[in-house]
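The values are calculated or read from the model by the stated rules, or taken from the named source; none is laboratory data. On a predicted model such as this, the values are computed, not experimentally measured, just so you know. Here the Cβ positions follow ideal geometry from the backbone for every residue, glycine too, while neighbour counts run over all protein chains shown.
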Amino acid sequence: MDSLPNFITCNILVPELRKFGLLAISSTVTFLKYLLSVKEIIHQEFSLVLVGNEMNSKPLVSGIMIFLNAEKFIEEAIESVFSQTCDNWELLLVDDGSTDSSTKIAQRYTEQYPDKVRYLEHEGHCNRGKSAARNLGINHAKGEY
C-alpha cells in the first residue's frame, strides 16, 4: 500500500469509479485492496482524471488581503499564499488607497496569475478604512470559505 499516491481516498475515488461503471466498495481497506488488484487500470486509465477531480472536489477558499502602503511586505505576504498546500484558492488584493508602489506590485501579481489573484480598489482609489476594504473583498469573493 505504500506505493499508492496520497490522493487516493475512498471519498474521492468511489464516485469516480461509479461514473466509469466500476463497483463501489464500502470499506476503505477493501477498497484499497481492490485498487491494488486493478492498479494498472487505475494508473493508465483513471489517475489523471482522479487527480483532477480531487482538486475540483475541494471547496474554493477565498483569501482577502487588504493593504495600504505596504510595499515593504506585500510581496512576501502574497508569496506566503502561493506556498500553501491548499491549491484551490483565490486571492483578492484589496488596495485601500495606497500611494506607494504596493499598488503596482499587487497589479503585477494580478497580471501574472489572473486565474488566482484579483486586484480590487475603492472608486477613485480612495482610502475608506479597513472595514470598507474588507467588505469590498468579501463582496467579490467566489469561494465557499
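Here are the numbers for the structure shown:
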{"item": "Identity of the residue in the range 117-130, in a helix (DSSP H, G or I) and not small (Gly, Ala, Ser), that ends up nearest to Pro59 (Cα to Cα)", "result": "Lys130"}
{"item": "Failed criterion for Leu50 (all others in (1) in contact with a helix residue (DSSP H, G or I) (Cβ under 9 Å, 6 or more places away or on another chain); (2) modelled with pLDDT of 50 or more hold)", "result": "(2)"}
{"item": "Answer from Glu40, Glu45, Glu79, Glu71 - the residue that is surrounded by fewer than 17 Cβ atoms within 10 Å (Cβ to Cβ), in a helix (DSSP H, G or I) and at pLDDT 95 or above", "result": "Glu79"}
{"item": "Within the range 87-116, considering residues that are assigned to a loop (DSSP other than H, G, I, E, B) and surrounded by 12 or more Cβ atoms within 10 Å (Cβ to Cβ), the one farthest from the chain's Cα centre (by Cα)", "result": "Asp100"}
